[in-house]
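What follows is one structure encoded as structure tokens, with my remarks underneath.
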Amino acid sequence: MPISRARFATVLCLDNSASTAVRRLSQNLEFRRLPGTVPAIEPPPHRDALIDPTRARDDDALEQAFRLTRESELWIHALGEYGNGGEFADYGWIQKAGSSDVVWEMTRQNTEHAGGADKNREFDGAVRLPAGDYVAYYITDDSDAYREWNSSPPFARDGWGLAIFPRPGF
């Protein structure tokens, strides 16, 4: 019997990612885990963000300087828009202060689909930076931003922008 006519479908879950969309194949789905080890997924920190230019609106150009007095691991959560031209239209990055050296940025390779429209991308992970002065940037274009979506919004709409959290030992 073809899957389209099946009354039940089996979906194999590899992780618990909230951004993983599962298409509904029928009215009754059965979920089961694959045998073996499931990769550990690091939860975001439960502290307040050190830097939080989220809920970015159309034509925003946000920046926040910060200093790390020692090498530190930070948790970055960033949501943005990957445009049709193969470049980000809304995105964030971190530069060493006083230079053009980019130490972290959203790229197609280090982001995942964030839910909603295909162009919504998300980075959610740890980044280690040496001691120094930095500037976090987030820019948006003139369309598709927080509360002004021109297509389906991402799952975590309030996070549209860039948030930097401390990690243990900060």
Rounded to a whole %, the carbon-and-sulfur portion of the accessible area of region 46-170 at a 1.4 Å probe is 42 percent
Here the Kirkwood hydrodynamic radius of region 81-170, Cα-based and in Å, equals 14.2 Å
Region 46-170: relative contact order from alpha carbon pairs under 8 Å, six or more residues apart, as a whole percent, is 45 percent
With DSSP loop assignment and no more than 11 other C-beta atoms within 10 Å, the trypsin sites (Lys or Arg not before Pro) in region 91-122 are R108
Averaged per residue, the 1.4 Å probe accessible area of region 96-135, protein heavy atoms only, in Å², is roughly 52 Å²
Length gained if V102 through R67 is fully extended, taking 0.36 nm per residue and subtracting the Cα-Cα distance, is 11.1 nm
Treating only Lys and Arg (+1) and Asp and Glu (-1) as charged, each at its beta carbon, one finds that region 86-139 has a dipole about its Cα centre, in Debye to the nearest 20, of 100 debye
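The values are calculated or read from the model by the stated rules, or taken from the named source; none is laboratory data. All of these numbers come straight from a predicted model, not from anything done at the bench. Here Cβ is always computed from backbone atoms with ideal geometry, including for glycine, and neighbour counts include all displayed protein chains. The area values use the complete protein model at the heavy-atom level, side chains included, leaving out ligands, DNA and RNA. Shrake-Rupley method; radii C 1.70, N 1.55, O 1.52, S 1.80 Å.
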